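What follows is a set of notes on a single structure, which appears directly below.
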């Protein structure tokens, strides 16, 4: 009778008692102050964009006779117009909130398309290699040789600028880094033992790619996709500022700054507030992306 007790104790001792991995990752994310600051910026921007009609009673292109001084200058921040007005007497807060919609839509759509293109090219080049991989990666190198901003300006100038055209243009110049990263990871994964075993058992290429390669790339895509939105937001604002992005009257943080830059010295809030919105959103996604990288990176597991 006494011989069975140690075995039962051993079984209990070896039973897993760790918390679920997802809960542990969430706890690590919460413990990072910079990640929480970034998440606050992102959530505040998303909520402001979604709730814009309820936060402000004005329309983005609504002009007010009392929105300008007697001399015809913009009004500074006051009780009626919390962030002041622009050179046409429009409420600046309203235009910034609706401009957040533009930046978020383009950021998510353009970044999603860029991830799809880059992941497809990177996986095919890294798995098949040979002539297929060489052609795909030389094409990627060719695209990387062009300055992204200059290429985006050229592409946007060819087409009539609109929200969806700008999103597509940004996607076409942003996929190259994703392809490089995915190519490197796929090349490493394709040499792993579990992939070699699947090939030996006669598994199809589609099974190997969708069951073994792509699932291992998901953490990288989450991190890279989060970081890529900040780049997309900055690029969209730059294109709109240069006049080849989103066109007025559609509000965009870039064209808001362009429209009001002549009043920078006499009415600095017209440039400061939309510029601060761009900075906050880009910084927020960068901070969240850095935190996700530390959490999802296998080399960081087990650390505080």
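The values are calculated or read from the model by the stated rules, or taken from the named source; none is laboratory data. Small disclaimer: the values here were computed from a predicted structure and weren't measured. When we count neighbours, we look across all protein chains shown, and the Cβ atoms used for this are built from the backbone with ideal geometry, even at glycine.
For this structure, a couple of remarks:
- Consider the stretch 111-127 and keep the residues that are under 17 Å from residue 226 (Cα atoms) and surrounded by 19 or more Cβ atoms within 10 Å (Cβ to Cβ). The one that is nearest to the chain's Cα centre (by Cα) is 111.
- For the stretch 152-184, a residue qualifies if it is more than 20 Å from the chain's Cα centre (by Cα), surrounded by fewer than 18 Cβ atoms within 10 Å (Cβ to Cβ) and part of a helix (DSSP H, G or I), and the qualifying residues are 154, 157, 158, 184.
- Pair list, Cβ < 6 Å and 6+ apart or interchain, from the stretch 162-185 residues that are over 18 Å from residue 147 (Cβ atoms) to residues that are surrounded by fewer than 18 Cβ atoms within 10 Å (Cβ to Cβ): 165/159
- Taking (1) in contact with a strand residue (DSSP E or B) (Cβ under 8 Å, 6 or more places away or on another chain); (2) closer than 14 Å to residue 277 by Cβ in turn, residue 64 satisfies each apart from (2).
- Unique residue being surrounded by fewer than 21 Cβ atoms within 10 Å (Cβ to Cβ), closer than 25 Å to residue 291 by Cβ and free of Cβ contacts under 8 Å to residues at least 60 places away in the same chain when the list is 46, 108: 46
- Qualifying residue in the stretch 210-219 (condition: closer than 30 Å to residue 72 by Cβ and either modelled with pLDDT of 90 or more or within 26 Å of the chain's Cα centre (by Cα) (or both)): no
- Unique residue being more than 30 Å from residue 185 (Cβ to Cβ), at pLDDT below 90 and surrounded by 19 or more Cβ atoms within 10 Å (Cβ to Cβ) when the list is 223, 244: 244
- A search for C-beta distances below 6 Å between a residue of the stretch 63-90 that is on the phi > 0 side of the Ramachandran plot and in contact (Cβ under 8 Å) with a residue 40 or more places away in the chain and any residue that is crowded, with 16+ Cβ neighbours inside 10 Å and assigned to a loop (DSSP other than H, G, I, E, B), counting only pairs 6+ apart in sequence or on different chains, returns 84/75.
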